[in-house]
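Visitor: Pasting in a structure now, in structure tokens, and then I'll have a few things to ask.
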Amino acid sequence: MVEALVLGVEEGRVRLRGVSRSETEWTARIAVPGYRPTTGDRVLVQEADSGTVYVTGVVHAAQPSQLVAPSGARATVEGQVLALFDPGGALVASLDGATGELRISATSDLKLSAPAGRVILSAGVDGSKIELTQDSIALASEKARVSAGALAVDAIKADWAVGQWELRAGRVIERAMDVFHDVEGLLETRAGRLRTLVSSTLELLGRRTTITSEKDTRIDGERVLLG
């Protein structure tokens, strides 16, 4: 039985180097119940008659596999995964060292705060995206701005309630089965030219109708009925 230093863990086996014989290295299996090896641990190893090398004891653990706070919250290391648990044992956060995936879960409120800076969410590879999935999402801000090369909104129903609506665009194209405008006050259109194309019937209904032209007024039809 000799003392060895843990160099790393690969596929359930431990890479070791002898302490007194630094030129000697082994790949060993763990024979200590509950032991999770960490790089830097000093362990005892023994070779079986079959030639297989086993870790049979721990002389010194470089890092504890679990840290427990006085409140009962704890952090654990399980293979490549670092996990953080609250005092009730619920998983709060986990980091998978193999995939780089980080998960954060809160049993109560989850708050992100940067009083002196900004909160930035980014996904840095081509084709990646940030997804928010929830039955209801509320955004409250004194001022909000969205800047994007393209913006698409898919919704079964969209409601807008604003004090003033101002739209600026190079071109506005609307396509719909039916469009209804209900204006209590004034509806005014200002344009360099105005053209309305109707494939069937055009109806203008009003209590009074006034058409004023600075020059010509032309009415052209197969029949013109007045009165």
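Coordinate-derived values only; no laboratory data. Only a predicted model underlies this, so the values are computations on that prediction, with no experimental measurement involved. Cβ placement follows ideal geometry from the backbone for every residue including glycine, while neighbour counts extend to all protein chains displayed.
Visitor: Between region 115-187 and region 32-88, what's the alpha-carbon centroid distance in Å?
Guide: Cα centres, region 115-187 to region 32-88: 51 Å.
Visitor: Ranked by Cβ crowding within 10 angstrom, fewest neighbours first, how are 160, 26 ordered?
Guide: Least to most surrounded, the residues fall as 160, 26.
Visitor: Sticking with this structure for a sec: In the Gaussian network model of the chain, springs joining C-alpha atoms below 10 Å, which of 148, 69, 28 carries the largest mean-square fluctuation?
Guide: 148
Visitor: Rounded to the nearest 5, what % of DSSP beta bridges with both residues in region 2-60 are antiparallel?
Guide: 85
Visitor: What distance in nm lies between label points placed 7 Å from Cα along the C-beta direction at residue 197 and residue 174?
Guide: If labels sit at residue 197 and residue 174, their model points lie 1.7 nm apart.
Visitor: Could you work out Rg/(2.2 N^0.38 Å) for region 2-60, with Rg from alpha carbons only?
Guide: Normalised by 2.2 N^0.38 Å, the Cα Rg of region 2-60 equals 0.97.
Visitor: Can you give the Rg to Rh ratio of the chain, both from alpha-carbon atoms, with Rh computed by the Kirkwood formula?
Guide: Rounded to two decimals, Rg/Rh equals 1.34.
Visitor: Calculate one ³J(HN,Hα) per residue across region 94-99 by plugging θ = phi - 60° into the Karplus curve 6.51 cos²θ - 1.76 cosθ + 1.60, and present them in order as whole Hz with x for glycine and proline.
Guide: 8, 10, 8, x, 6, 9
Visitor: Points 7 angstrom from Cα along the Cβ direction at residue 225 and residue 152: gap in nanometres?
Guide: 4.9
Visitor: A further question on this structure: Under a 10 Å cutoff between Cα atoms, tell me which one of 152, 114, 191 has the largest fluctuation in the Gaussian network model of the chain.
Guide: 191
Visitor: About the Cα centre of the chain, what is the dipole size in debye to 20, counting +1 per Lys and Arg Cβ and -1 per Asp and Glu Cβ, all else neutral? Mind dumping the intermediate values first?
Guide: Numbers: 26 positive and 30 negative charges, 141 e Å.
Dipole magnitude for the chain comes out near 680 debye.
Visitor: Which of the trypsin sites (Lys or Arg not before Pro) found in region 1-84 are loop residues per DSSP with 16 or fewer other Cβ atoms within 10 Å of their Cβ?
Guide: On the way: sites: 13, 15, 17, 21, 29, 42, 74; in loops: 21.
Answer in residue order: 21.
Visitor: Moving to a separate point now. For the chain, set up a Gaussian network in which alpha carbons nearer than 10 Å are linked by springs, and say which option among 198, 32, 58 fluctuates the most.
Guide: 198
Visitor: A further question on this structure: Counting DSSP beta bridges with both partners in region 26-172, what percentage is antiparallel, nearest 5?
Guide: Around 90 percent of the beta bridges assigned by DSSP in region 26-172 are antiparallel ones.
Visitor: Give me the compactness ratio for region 171-211, meaning the Cα radius of gyration over 2.2 N^0.38 Å.
Guide: Taking the Cα Rg and dividing by 2.2 N^0.38 Å, one obtains 1.43.
Visitor: Longest segment of the chain with no GluC sites (Glu not before Pro) in a DSSP loop having at most 15 other Cβ atoms within 10 Å?
Guide: On the way: sites that count: 11, 23, 101, 131, 142, 166, 174, 184, 188, 203, 214, 222.
The longest uninterrupted stretch comes out as 24-100.
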